[in-house]
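A.B. asks: Let me give you the structure first, and then I'll get to my questions.
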There are 2 protein chains.
Amino acid sequence: MERTYIKDLKKKVGAEVLLKGWVDIRRDHGKLIFIDLRDVSGQVQMVVLPNHTEAHTAAEAIRPEWVVEVTGTVNQRPEKMVKAGVLNGDLELEVTGITVVGTAKELPFEKEADLNFDTYLDHLPLTLRTERSKSIFRIQASIIQAFREYLVAQNFTEIQAPKLIGDDAEGGANSFNIEYFGHTAHLAQSPQFYKQIMVGIFEKVFTTGNVYRAEKHSTTRHLNEYTSLDLEMGFIDSFRDICSTENKLLAHIMKKLSETRSEDFKALGSTIPTVPDSIPTLKLREAQAIIKKEFGEDCSNEPDLEPQHERWICEYAKKTWDSDFIFITHFPLSKRPMYTYEDPADPGYAAGFDLLFRGIEITTGGQRIHDYDNLVTAIKGKGLEPEKFSYYLQAFKFGMPPHGGLGLGLERLTAKLIGLDNVKEATLFPRDLNRIDNLLSK
Amino acid sequence: MERTYIKDLKKKVGAEVLLKGWVDIRRDHGKLIFIDLRDVSGQVQMVVLPNHTEAHTAAEAIRPEWVVEVTGTVNQRPEKMVKAGVLNGDLELEVTGITVVGTAKELPFEKEADLNFDTYLDHLPLTLRTERSKSIFRIQASIIQAFREYLVAQNFTEIQAPKLIGDDAEGGANSFNIEYFGHTAHLAQSPQFYKQIMVGIFEKVFTTGNVYRAEKHSTTRHLNEYTSLDLEMGFIDSFRDICSTENKLLAHIMKKLSETRSEDFKALGSTIPTVPDSIPTLKLREAQAIIKKEFGEDCSNEPDLEPQHERWICEYAKKTWDSDFIFITHFPLSKRPMYTYEDPADPGYAAGFDLLFRGIEITTGGQRIHDYDNLVTAIKGKGLEPEKFSYYLQAFKFGMPPHGGLGLGLERLTAKLIGLDNVKEATLFPRDLNRIDNLLSK
């Protein structure tokens, strides 16, 4: 018999079916044994009656998380037993046969128990099995697929950027060191240099992959390994072209999520934001003036926004423009990387932006310097040695168009979309200062 | 004026257009200056006549790889000047204006020069700008996209697997060490453990990303960082289900390449293989018997195939079944990792396979042990400590279905599809024993 997925049972009332899945809950009422069976598509209540002797004996032995193949008949539940609004709440499987294909040891806690976060992380192979986790990571999969889908349709070419890089790493202080055949290599903090080089080949490129930050932070915002969604595009008129691309990209992602993941958002109690046709935008100095006026804190001399400032500005954007998104542009050049393009109309400030979403920065982007001599000057201006960047610099030595791009943090976007308190909840196997799977010994 | 891409010029004969791109070649005939302009979509010959004074002055200054924006009129070439079979071979742009948006220094060699491989690698930001490289990496982008597309359609869920792993790494000897906040971490050799864990959540998963091998090989077959296309699926009947999935997956990839990249294959002089409805399959012992009989070498006691053996078997498969692909199954358990499932019908041998393609192994796959106690026994049997694998082992402690999967090397597949001699030619920025971008100092 061919397997039926649990979500399709409603089409099979009265029929005999074969189900495969995990025992979610088992309730032994002596003669009647009830089992909630779970597969990737959903759950259903099954009942094992004593007259099916073999199945009943099997059902007496099985325990939560055992993996079984079950045959049975799909019955409509009596009206008073119907659970409205629940998948298969009106159905029940009357079991005729059970084959155990995988056993489980006793669980350390109930799978849906309200755990402290360290216990949750200590047991991800079990704790990720909840409907909640499935919804979170199905949404994440749809985001990354929508990102690629939109850019492919816009004639961007996907590239595979290396993560293992040499001494010419961007900002050495926060990079992890690797022993590399008697040399020291590093883990890339972003695909920045490679995506820029590839603008020289394909004009518009994107890449999705892991990036690494050796930051000694253990916060709800930081990860030491995360997934960066990166794009870079040539022949731009200004960094506003990058903002415009991100605006349309986000609209596409939200549209795709509405089409494919609305059940997951509903189950999580979250709503998919509307992306304005034109996301509001403020210069950093304008944002700081608003913070002073509306929230009473003077941060005008700071070169960046603190987390609380980001939350305030998002609150303001929501109230003023009904937008969950806001671009903050024109950070001081001094706080941006050496490849940052200066806005000719606003000297001393970067032709670039952060995108804030629901209280947190999810993107940094902007125009890059494309003239070789200017880039060498900028590298020296940061106190760095151009010789260290000789490989990257070739792209500019050999002709580059005006270009720019952005990086979008997949886990932060996922977390904020859903309303998760901790970005680690939006990361399958989060790495931080204290943990790689298990807690690191002190 | 809106930009016209060079491939679309044929629709604009007689019109004035704006082109953007790189100067590929410039031929100064004094009065007439000819420039081949290149953008992401193709090339066209342009002519600058002396009566357009400003454009002519600009054209006198520009050099190869300068980036320009050009206005001009699209003219049909006189019949005797038509180059048949070449994009825009029947057209020419009569230039009316040139704006330089990026300059270039003098090139170290002509971009299309026949370089030795080290010189090629030393200058990738320039040498990747050839039509040949563009075709190679467009094909690679289509492969990875087709891989994901097929699996999403088959209800696989995409996951993001960590690359930064702890001491419980698979096979420590070949893994790179990372300094991780006072601890030693490793770079993952595959997403094996995580994709297996995720079968417990989503049943069928895939992931695409970088993997790392600290092998001291510098050959045309090896890379120290490469892209692995991985899938893992639960509730299989046997490892033949994995073979069957790969068979259909490859058929989809080749179909997609035929639809989207046939021009690139043509330009490279390569042909897209036909994937048989059922790829031929041999047990290792059968393959060894064929090698002995057909090629005169007795390798019957070896636990694996040497590169020459792989080439012979592929030659045999092509001759006998007209197939570019062949599965080799049932390697001795002793040579396979600890999680390998033993074929109950063939004790001592793995329920798994390699896929050979045009002379080289591009996939290893198979069924995995899903019973906790059996897996602990197998780990001990390899002389390893189960305690080191405690995180991974949780998945099995808490119930797993029969499952298996495979990993497909993106660069090897790309190289063999196109017929490249060296897998590094199918890698944008290859890392090996001697090189991370630049040659490593001795």
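A.B. asks: Taking the range B:225-248 as the region of interest, how many residues are in contact with an Asp or Glu (Cβ under 7 Å, 6 or more places away or on another chain) and either outside the structural domain of B:Gly399 (by TED's automatic domain parsing) or not hydrophobic (A, V, I, L, M, F, W, C) (or both)?
C.D. replies: 3
A.B. asks: Kindly indicate whether A:Leu121 is modelled with pLDDT of 95 or more and within 27 Å of the chain's Cα centre (by Cα).
C.D. replies: yes
A.B. asks: Which of the residues spanning the range A:385-395 are more than 8 Å from every other protein chain (Cβ to nearest Cβ) and crowded, with 21+ Cβ neighbours inside 10 Å?
C.D. replies: Of everything in the range A:385-395, just one residue is more than 8 Å from every other protein chain (Cβ to nearest Cβ) and crowded, with 21+ Cβ neighbours inside 10 Å, namely A:Phe389.
A.B. asks: Among the numbered criteria (1) facing chain B (nearest Cβ under 7 Å); (2) assigned to a loop (DSSP other than H, G, I, E, B); (3) surrounded by 23 or more Cβ atoms within 10 Å (Cβ to Cβ); (4) not acidic (Asp, Glu), which single criterion is violated by A:Ala104?
C.D. replies: Answer for A:Ala104: the failing condition is (3).
A.B. asks: In the range A:127-145, how many residues are charged (D, E, K, R) and facing chain B (nearest Cβ under 9 Å)?
C.D. replies: Keep residues of the range A:127-145 that are charged (D, E, K, R), which gives A:129, A:131-132, A:134, A:138.
Right, trim to facing chain B (nearest Cβ under 9 Å) and you get A:129, A:134, A:138.
Selection size over the range A:127-145: 3.
A.B. asks: A further question follows. Go through the range B:365-382 and count every residue that is under 28 Å from B:Ala415 (Cβ atoms) and surrounded by fewer than 20 Cβ atoms within 10 Å (Cβ to Cβ).
C.D. replies: Matching residues across the range B:365-382 total 0.
A.B. asks: Looking at the range A:276-293, can you tell me whether even one residue there is over 18 Å from A:Arg148 (Cβ atoms), modelled with pLDDT under 95 and basic (Lys, Arg)?
C.D. replies: So the first thing to find is which residues in the range A:276-293 are over 18 Å from A:Arg148 (Cβ atoms), and the list is A:276-293.
Cutting the leftovers down to modelled with pLDDT under 95 gives us none.
No, because not a single residue in the range A:276-293 is over 18 Å from A:Arg148 (Cβ atoms), modelled with pLDDT under 95 and basic (Lys, Arg).
A.B. asks: Determine if the range A:116-126 includes at least one residue that is touching a strand residue (DSSP E or B) at 6+ places or on another chain (Cβ under 8 Å), more than 9 Å from chain B (Cβ to nearest Cβ) and touching a residue at least 40 places away in the same chain (Cβ under 8 Å).
C.D. replies: Yes, the range A:116-126 contains at least one residue that is touching a strand residue (DSSP E or B) at 6+ places or on another chain (Cβ under 8 Å), more than 9 Å from chain B (Cβ to nearest Cβ) and touching a residue at least 40 places away in the same chain (Cβ under 8 Å).
A.B. asks: Also, I was wondering about something else. Exactly one of these conditions fails for A:Ile62: (1) closer than 22 Å to A:Pro125 by Cα; (2) under 35 Å from the mean Cα position of the chain (by Cα). Give me its number.
C.D. replies: A:Ile62 satisfies all of (1) closer than 22 Å to A:Pro125 by Cα; (2) under 35 Å from the mean Cα position of the chain (by Cα) except (2).
A.B. asks: For residues that are part of a helix (DSSP H, G or I) and buried (at least 20 other Cβ atoms within 10 Å of the Cβ), tally how many sit in the range A:78-99.
C.D. replies: Residues meeting the conditions: 0.
A.B. asks: Would you be able to say whether some residue in the range B:409-417 is within 14 Å of another protein chain (Cβ to nearest Cβ) and over 31 Å from the mean Cα position of the chain (by Cα)? Steps first, please.
C.D. replies: Taking the range B:409-417 as the starting set, the residues that turn out to be within 14 Å of another protein chain (Cβ to nearest Cβ) are B:409-415.
Still in the list and also over 31 Å from the mean Cα position of the chain (by Cα): none.
Taking every residue of the range B:409-417 in turn, none turns out to be within 14 Å of another protein chain (Cβ to nearest Cβ) and over 31 Å from the mean Cα position of the chain (by Cα).
A.B. asks: Sticking with this one: Answer with yes or no whether A:Glu306 is farther than 20 Å from A:Pro273 by Cβ, surrounded by fewer than 19 Cβ atoms within 10 Å (Cβ to Cβ) and out of contact with any Pro (no Cβ under 9 Å at 6 or more places or on another chain). Spell out how you get there, then give the answer.
C.D. replies: Values: farther than 20 Å from A:Pro273 by Cβ: yes; surrounded by fewer than 19 Cβ atoms within 10 Å (Cβ to Cβ): yes; out of contact with any Pro (no Cβ under 9 Å at 6 or more places or on another chain): yes.
Answer is yes for this residue.
A.B. asks: Go through the range A:364-385 and count every residue that is touching a residue at least 12 places away in the same chain (Cβ under 8 Å) and over 15 Å from A:Pro337 (Cβ atoms).
C.D. replies: Filtering the range A:364-385 for residues touching a residue at least 12 places away in the same chain (Cβ under 8 Å) gives A:364-372, A:375-376, A:378-379, A:381-382, A:384.
Imposing the further condition that a residue be over 15 Å from A:Pro337 (Cβ atoms) reduces the set to A:371-372.
Total meeting the criteria: 2.
A.B. asks: Take the residues in the range B:327-341 that are touching a residue at least 24 places away in the same chain (Cβ under 8 Å) and in contact with a Phe, Trp or Tyr (Cβ under 8 Å, 6 or more places away or on another chain); name whichever of them is nearest to B:Ala287 (Cα to Cα).
C.D. replies: Filtering the range B:327-341 for residues that are touching a residue at least 24 places away in the same chain (Cβ under 8 Å) and in contact with a Phe, Trp or Tyr (Cβ under 8 Å, 6 or more places away or on another chain), the one nearest to B:Ala287 (Cα to Cα) comes out as B:Ile328.
A.B. asks: Might you let me know whether the range B:158-181 holds any residue that is in contact with a Leu (Cβ under 7 Å, 6 or more places away or on another chain), crowded, with 23+ Cβ neighbours inside 10 Å and over 22 Å from A:Ser175 (Cα atoms)?
C.D. replies: yes
A.B. asks: Filter the range A:221-262 down to residues that are charged (D, E, K, R) and under 17 Å from A:Leu420 (Cα atoms) and give me whichever is surrounded by the fewest Cβ atoms within 10 Å (Cβ to Cβ).
C.D. replies: My answer is A:Arg221.
A.B. asks: Also, I was wondering about something else. Find the strands (runs of 3 or more DSSP E) located wholly in the range B:146-263 whose residues include 3 or more that are more than 7 Å from chain A (Cβ to nearest Cβ) and at pLDDT 95 or above, and list them. Explain how you work it out, then say what you get.
C.D. replies: Numbers: elements: B:177-180, B:183-187, B:204-212, B:225-234.
Here the list reads B:204-212, B:225-234.
The values are calculated or read from the model by the stated rules, or taken from the named source; none is laboratory data. Since the structure is predicted, the reported quantities are computational estimates derived from the model, not experimental observations. Ideal geometry is used to build each Cβ from the backbone, glycine not excepted, and the neighbour counts take in all protein chains shown.
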